[in-house]
Amino acid sequence: MNEWPPFESNGDLPVGIYQASLSEILQQFGTSTPQRQALARRLERVYHLAQSTGQVARFIVFGSFVTAKPEPNDVDIFMLMENTFEWNQMQGDTAVIFDHSAAQSLEGASVFWIRRVAALGGEQVALEDWQHTRENSRRGILEVIGHD
């Protein structure tokens with residue numbers, strides 16, 4: 001990503017899906033506080049474990065990690081997986097990230113995923129849905145693209 005948009009007055013990115021490499025995301029959102037540094041390491045770990053499956057179609061980062069909040073609680077991730085992905089074939093640390101509760105407790109990341117075929121309304125609609133907040137507003141999210 002060449003240039004990040006400024007945060008809105010509430011600390012959120014403007015609505016949209018911003019594409020950047022993992023290293024760009026880590027540099028922008030994972031360095032300013034010790035909490036952000038810890039979350040960046042968690043994000044990086046989950047990303048590499050997911051990529052090791054060879055089945056990740058889209059990798060989205062959302063929630064407080066991609067805001068101006070100095071101390072986000074965790075890192076939120078949504079993955080769109082290939083239709084051939086078989087989560088029950090995963091083992092070890094990789095299996096953990098495809099079990100929401102285990103990923104939260106063991107990796108400190110809130111991980112959600114579906115297969116492409118389950119993206120009702122299409123992939124873009126499924127991704128855009130993660131822009132909604134608990135307060136029923138919308139904010140920007142990030143898609144990890146390219147290889148670092």
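The values are calculated or read from the model by the stated rules, or taken from the named source; none is laboratory data. Here the structure is a predicted model, which is why all the values come from computation and not from measurement. FYI the Cβ positions are ideal-geometry reconstructions off the backbone, even for glycines, and counts take in every protein chain you see. Surface accessibility is based on the protein's heavy atoms, side chains included, excluding ligands, DNA and RNA. Shrake-Rupley method; radii C 1.70, N 1.55, O 1.52, S 1.80 Å.
Of the residues making up segment 112-148, just one is at pLDDT 90 or above, in a loop (DSSP other than H, G, I, E, B) and β-branched (Val, Ile, Thr), namely Ile145.
Of the numbered criteria (1) free of Cβ contacts under 8 Å to residues at least 12 places away in the same chain; (2) part of a helix (DSSP H, G or I); (3) not aliphatic (A, V, I, L, M), the one Gln104 fails is (1). Among residues of segment 108-121 that are over 27 Å from Leu39 (Cβ atoms) and without any contact (Cβ under 8 Å) to a residue 60 or more places away in the chain, those with a beta-carbon under 7 Å from a residue that is open to solvent by less than 70 Å² (accessible area, probe 1.4 Å) and assigned to a loop (DSSP other than H, G, I, E, B) at least six positions away or on a different chain give the pairs Arg116/Glu82. Would segment 68-79 turn up any residue that is open to solvent by 20 Å² or more (accessible area, probe 1.4 Å) and of a type in the set (A, V, I, L, M, F, W, C)? Within segment 68-79, one or more residues are open to solvent by 20 Å² or more (accessible area, probe 1.4 Å) and of a type in the set (A, V, I, L, M, F, W, C).
Can you find a residue that is closer than 15 Å to Val144 by Cβ and surrounded by fewer than 17 Cβ atoms within 10 Å (Cβ to Cβ) anywhere in segment 91-98? Outline the logic, then answer.
The first filter runs over segment 91-98 and keeps only residues closer than 15 Å to Val144 by Cβ, leaving 97.
Applying the additional criterion that residues be surrounded by fewer than 17 Cβ atoms within 10 Å (Cβ to Cβ) yields none.
Among the residues of segment 91-98, not one is closer than 15 Å to Val144 by Cβ and surrounded by fewer than 17 Cβ atoms within 10 Å (Cβ to Cβ), which makes the answer no.
Taking segment 17-30 as the range and being more than 12 Å from Val61 (Cα to Cα) and open to solvent by less than 80 Å² (accessible area, probe 1.4 Å) as the test, the residues that pass are Ser23, Glu24, Gly30.
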